[in-house]
Amino acid sequence: DGVASEAIDATEAIGIAIVMFGAGGESTSALLGSAIRLLAQDTSLAERLRQHPGDIPAFVEEVLRLEPPFKFHYRSVRRSCELGGFQMEPGDRLMLLWAAANRDPEVYEDPEELRLDRTPPRHHMSFGRGAHFCVGAHLARLEARIVLEELLRATQEFTLANRADVRHANSIFVRRLARLPLDLHPVA
């Protein structure tokens, strides 16, 4: 326990807990909204996943790559280095833009396309890397897979009710849908 060992104080511990709970809810709801929107726009893809539910995990990874739940994170430079031709010094701040990194044409063939055969499928940066890797990534993937399996199993089809009414939350940090009107056609 960090507080008991005095590694952090109670205020810091509460702050960490708030970030953890908030990030978990925001990232999963953002992931699900983006996934459902993409399927509502491409009924042939939704039908493919109905017929081949084993492809849903690859679909989740592509949604994460193309529509990361968080737009960016900041990092502080710890030691002098060069990055992309720019000299960086300790204390400099970087804004890491996940969607840009996930669409790098030097890393991804056809970076703008959703491809279920992409290898390795989890190479994207949407959940961070290394010491900053999201501790809830496994749970978010599991929740998304289960929700999508159940939605596809329970519907014959779903489409956007009105594309003009689709709205993202007004946030500089989170890419989450605030409004996603659907026409649902349940299995009879």
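The values are calculated or read from the model by the stated rules, or taken from the named source; none is laboratory data. In this text the structure is predicted, and so the values were computed from the model without any measurement. Positions of Cβ are generated from backbone atoms using ideal geometry, with glycine treated the same way; all protein chains shown enter the neighbour counts. For accessibility, only protein heavy atoms count, side chains too; no ligands or nucleic acids. Shrake-Rupley method; radii C 1.70, N 1.55, O 1.52, S 1.80 Å.
What to note about this one:
- Evaluation of Ala154 against (1) small (Gly, Ala, Ser); (2) more than 14 Å from Val63 (Cα to Cα); (3) at pLDDT below 95 (one fails), failing number: (3)
- Test: residue in segment 81-95 that is part of a helix (DSSP H, G or I) and either closer than 30 Å to His185 by Cβ or over 18 Å from the mean Cα position of the chain (by Cα) (or both): no
- Candidate set: segment 160-179, residues that are surrounded by 16 or more Cβ atoms within 10 Å (Cβ to Cβ) and more than 17 Å from the chain's Cα centre (by Cα); chosen: the one nearest to Ala58 (Cα to Cα): Leu160
- Failed item, numbered, when Val147 is tested on (1) β-branched (Val, Ile, Thr); (2) open to solvent by 50 Å² or more (accessible area, probe 1.4 Å); (3) over 24 Å from Arg48 (Cα atoms); (4) touching a residue at least 40 places away in the same chain (Cβ under 8 Å): (3)
- Ala35 being assigned to a helix (DSSP H, G or I), within 19 Å of Thr155 (Cα to Cα), under 18 Å from the mean Cα position of the chain (by Cα) and in contact (Cβ under 8 Å) with a residue 12 or more places away in the chain: yes
- Residue within segment 78-94 that is in contact with a strand residue (DSSP E or B) (Cβ under 7 Å, 6 or more places away or on another chain), modelled with pLDDT under 95 and open to solvent by less than 20 Å² (accessible area, probe 1.4 Å) present: no
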